Amino acid sequence: MGGNSAKSGGGMWLPDNPLMRADRVGDSREEALAYLAATVGDEGRAGSRARQEAFVDGVADFVDTARRHGMTFVRAPEYADYYPERPGGKIGRGVEHTPFDVRRIGAWWKTSQAPAALPVLTDDVWLLGRAWSTPSGFRRGARLVLRALAGVLTGKKLAGIGAGLTASFLRTVVIDNDTELWLNSPLEDLVVEDGRVVGARVAHDGGTLAIGARRGVMLAGGGFDANKEWRRRYHGIDGNPSGAPGNLGRPIEIAVAAGAAVELMDDAWWGASVAPTSVSEPSFLVGERSFPYTVIVDERGDRFANESESYVDLGHHMLEHGRLGTYWMISDRRHARRYLRSYAMDPKAGKAMRREGVMFQAPTPAELAVAIGVDPDRLTATVGRFNGFARAGVNGDFGRGNSAYDRYYSDPLVRPNPNLGPLEKGPFTAVKIVIGDLGTKGGVVTDGDGRALREDGSVIEGLYAAGNNSAAVMGRTYPGPGSTIGPAVVFGMRAARHMARCQAEDVS
Ligand SMILES: Cc1cc2nc3c(=O)[nH]c(=O)nc-3n(C[C@H](O)[C@H](O)[C@H](O)COP(=O)(O)OP(=O)(O)OC[C@H]3O[C@@H](n4cnc5c(N)ncnc54)[C@H](O)[C@@H]3O)c2cc1C
């Protein structure tokens, strides 16, 4: 249960949302649309201005409806839009569920794909990254421990982020409404009559059932993260997904067979991940690469991008720079000592990384270069040049640390630029980096109500899609924290409203 959403950070980018209004944080429809125009642009049918408007206009309905049904949200007040300096850019548009007691979903919790139940909030993540090196990080760590203890003392098993969000959805939509939910029952086909989708064929209990749908069929079967053949065909690489293994794109294929158009198949919610090992999945990097005392280089030993930029931008830069290239994150001793490195927390994974050529250590950059097969003079020169920028506080090559987004994942105690720290204290570490992703972006083209469209723009009556099953309204970019789940819940809500408005027609 839960798919990528359960494994995720659970953040939802919801501009001009009711929580901002209650907190008197200024935002407006106009600013939200100006920001989308400045980031997404007018990107095909999926990311058209009309769909952007439908998204922004649907935010309040989703938040208010979910809250009326008992879901509770908070903002991530410190998380910046990913291009906050562009017109309409803001800090604090991200929304997430408050830590949720997963005991409230009973045995369903055991089926969740969430890795753990921890009462973590989004703004905890960047502060925890430096929990033992800065007072604000330490305070945040202490608050998290207290929150977890309070949960234990009150007999609750509190989960934040994607674990809590999906558990709360399950409680609200399935349990409280007596909705039937079947696991291990994949969609196999759609039932189409006179061009209208009137049902779905589903594998269940060793057979196939045809289920009638009076108002419509909603496709929410995710992207094609784990479908290597499609990844090679559309992306030119096998992919290193961090998402759920069950996302193979079959529901996209089924929609295409029913006449749906697709878009953005060549794109994904890219990022940089630590290479997988025999015991660990690709580890998606967010804060670690942005903190001081580290750089990312290619196989020649050259930097090629701002390591602190948004993950989608870094992923795109890696693809442009060398789709099949080898990349290394190089850091000095202080990076290892001061900051939480998610990929180094499991000792078993750490051993495998060393054994399988994913992590190396050496006393100097030159010796490290030899270990990873990079020209030692070139890596030494790259580190020397970067150290000059770090001391000056200005990254002359890629502008690292210039944006408020970069500085969200930084160390305020490092001056003059909190994203730049010179790599000068050994031992130095190299970690192999691959082009990773949080899911794929390509899927069914839908309108503002989530209705599937044909290539000629006509609507396939009775067929809806949302989330990564549909082509992303965010086009080729990632405007702010939660840019995949935000639109997923809003278009899911809009599609449900549209179905509810349709004349009920019993075809079962
Ligand atoms: C580590 C991580 C952190 C992330 N953090 C965030 C974040 O904070 N904010 C954000 O916006 N995004 C985040 N993402 C991305 C986000 O999780 C996904 O983009 C989003 O969850 C996709 O939602 P979805 O409903 O489309 O698909 P999913 O949540 O993946 O759900 C799809 C479901 O469909 C099922 N399915 C597949 N095929 C079939 C079939 N034939 N029949 C029936 N069911 C089928 C799958 O098994 C799965 O359960 C993160 C991703 C990861 C991996």
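Taking only protein heavy atoms into account and a 1.4 Å probe, give the accessible area per residue of the chain in Å².
41 Å²
Taking only Cα atoms, what is the 0 to 90° angle, nearest 10, from helix 485-501's long axis to the longest principal axis of the chain?
10 degrees
Working from Cα positions, state the angle (0 to 90°, nearest 10) between the long axis of helix 135-153 and the longest principal axis of the chain.
Helix 135-153 sits at roughly 40 degrees to that axis.
Which log10 I(q)/I(0) values, to two decimals, does region 3-175 give at q = 0.09, 0.13, 0.16 Å⁻¹ under the Debye formula with one point per Cα?
Values returned for q = 0.09, 0.13, 0.16 Å⁻¹ are -0.35, -0.73, -1.03.
Multiply the residue separation of Ala38 and Thr111 by 0.36 nm, subtract the distance between their alpha-carbon atoms, and state the gained length in nm to one decimal.
Values: separation 73, 0.36 × 73 = 26.28 nm, distance 4.08 nm.
So the chain would gain 22.2 nm between Ala38 and Thr111.
What's the center-to-center distance, using Cα atoms, between region 337-388 and region 136-182 in Å?
Region 337-388 and region 136-182 have Cα centres separated by 37 Å.
How large is the helix-only mean residue ellipticity at 222 nm for the chain, computed as the sum of -39500 (n - 2.57) over DSSP H runs with n ≥ 4, divided by its residue count, in deg cm²/dmol to the nearest 500?
-9500 deg cm²/dmol
Non-local amide H neighbours of Ala260 (under 5 Å, H modeled in plane, Pro and chain starts lacking H): which ones?
none
Relative contact order for region 3-175: what percent, with Cα pairs under 8 Å and sequence separation of 6 or more? All intermediate terms of the calculation are to be shown ahead of the outcome.
On the way: 274 pairs, mean separation 51.3, N = 173.
Taking the mean separation of contacting Cα pairs over the length of region 3-175, I get 30 percent.
Take the Cβ-Cβ distance between Ala22 and Lys425 as r, set R0 to 56 Å, and report the resulting FRET efficiency rounded to the nearest 0.05.
Plugging the Cβ-Cβ distance into 1/(1 + (r/R0)^6) gives 0.75.
Using a 7 Å offset from the Cα along the Cα-to-Cβ direction at both Val394 and Arg214, what is the distance between the two label points in nm, to one decimal?
6.8 nm
Using a basic spin-label model with each label point 7 Å from the Cα along Cα→Cβ, how many nm lie between Val202 and Asp456?
Here the answer is 3.3 nm between the modelled labels.
Ordered by packing density, taken as the mean number of other Cβ atoms within 10 Å over each peptide's residues, highest first, how do 322-332, 476-486, 133-143 rank?
In decreasing order of mean packing, 322-332, 476-486, 133-143 become 476-486, 322-332, 133-143.
Mean separation of Cα pairs under 8 Å and 6+ residues apart, divided by the residue count of the chain: what relative contact order is that in percent?
Computed over the chain, the figure is 22 percent.
What does the convex hull of the Cα atoms come to per residue for region 270-437, in Å³?
Residue-normalised Cα hull volume stands at 97 Å³.
Rounded to the nearest percent, how much of the accessible area of region 3-175 (1.4 Å probe, protein heavy atoms only) is carbon and sulfur?
60 percent
Hey, any idea what Rg/Rh is for the chain, computing Rh the Kirkwood way over Cα pairs?
Over the Cα atoms of the chain, Rg/Rh equals 0.97.
Quote the accessible area belonging to Asp101 in square angstrom, nearest 10, computed with a 1.4 Å probe and with ligands, DNA and RNA left uncounted.
So the heavy atoms of Asp101 present about 20 Å² to solvent.
With each label point set 7 Å from Cα along the Cα-Cβ vector, what nm distance links Glu356 and Thr326?
Placing both labels 7 Å beyond Cα along the Cβ direction yields 1.6 nm.
Ranking request for peptides 201-212, 301-312: highest mean number of other beta-carbon atoms within 10 Å first, then the rest in descending order. The partial results should precede the final answer.
Values: 201-212: 12.5, 301-312: 22.6.
My ranking of the peptides, most packed first, is 301-312, 201-212.
Of the heavy-atom accessible surface of region 270-437 (probe 1.4 angstrom), what whole percent is carbon and sulfur?
After summing per-atom areas, the C and S share lands at 51 percent.
The values are calculated or read from the model by the stated rules, or taken from the named source; none is laboratory data. The structure presented is a predicted model; accordingly, all values stated were derived computationally and were not measured. Please note: Cβ atoms are built from the backbone with ideal geometry, for glycine as well, and neighbour counts cover all protein chains shown. Heavy atoms of the whole protein, side chains included, go into the accessibility calculation; ligands, DNA and RNA do not. Shrake-Rupley method; radii C 1.70, N 1.55, O 1.52, S 1.80 Å.
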